[in-house]
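The values are calculated or read from the model by the stated rules, or taken from the named source; none is laboratory data. Computed from a predicted structure; not experimentally measured. Here the Cβ positions follow ideal geometry from the backbone for every residue, glycine too, while neighbour counts run over all protein chains shown.
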Amino acid sequence: MPANVVTITHRGAERLLSGHLWIYRSDVAAAEAEPGAVVRVLDRRQHFWGTALYSSKSQIALRLLSREHRRKLAGIAARMTYVDMSSDPRYMDSYVKAMFLPHTDLERFPTVARMLTDRKRNEA
């Protein structure tokens, strides 16, 4: 028995974001459903886009029935104003590594060390 899931391409997701209520066959990446089934519409990252009627024969493969979950997620995202990334130690480790300055550990940069040594010799 099929899972009643249809996966859409990036272009299909963009079409839904712009307000379209249907998806063309060319924007369907994979379909595990019988013709006429009510299916879950996912993108390749497995994000849920809504439910739709599936047609295996028409050029319009999906006709959207509901976007309620997508609206709820958009509402949550709109209310989110601040995320404290510094509470995750992995973030802080990455942040500190990104701030690394080469001159603090010349052993990691032998060419720079040689250039500085040569410069000091020339100045003396």
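Scanning the range 27-40 for residues that are out of contact with any helix residue (DSSP H, G or I) (no Cβ under 8 Å at 6 or more places or on another chain) and either within 14 Å of ARG63 (Cα to Cα) or buried (at least 18 other Cβ atoms within 10 Å of the Cβ) (or both) yields ALA31, ALA33, PRO35, GLY36, ALA37, VAL38, VAL39, ARG40.
Taking the criterion of being over 21 Å from the mean Cα position of the chain (by Cα) and part of a helix (DSSP H, G or I), the residues of the range 1-46 that qualify are ARG25, SER26. Could we say that TYR82 is modelled with pLDDT of 75 or more, farther than 16 Å from ALA33 by Cα, of a type in the set (Phe, Trp, Tyr) and not in a strand (DSSP E or B) here? The answer is no for TYR82.
ASP43 falls short of the stated requirement of being charged (D, E, K, R) and modelled with pLDDT of 95 or more. Residue-level analysis places GLY50 among those that are in the same structural domain as SER66 (by TED's automatic domain parsing), of a type in the set (Gly, Ala, Ser), touching a residue at least 12 places away in the same chain (Cβ under 8 Å) and within 21 Å of LYS72 (Cα to Cα).
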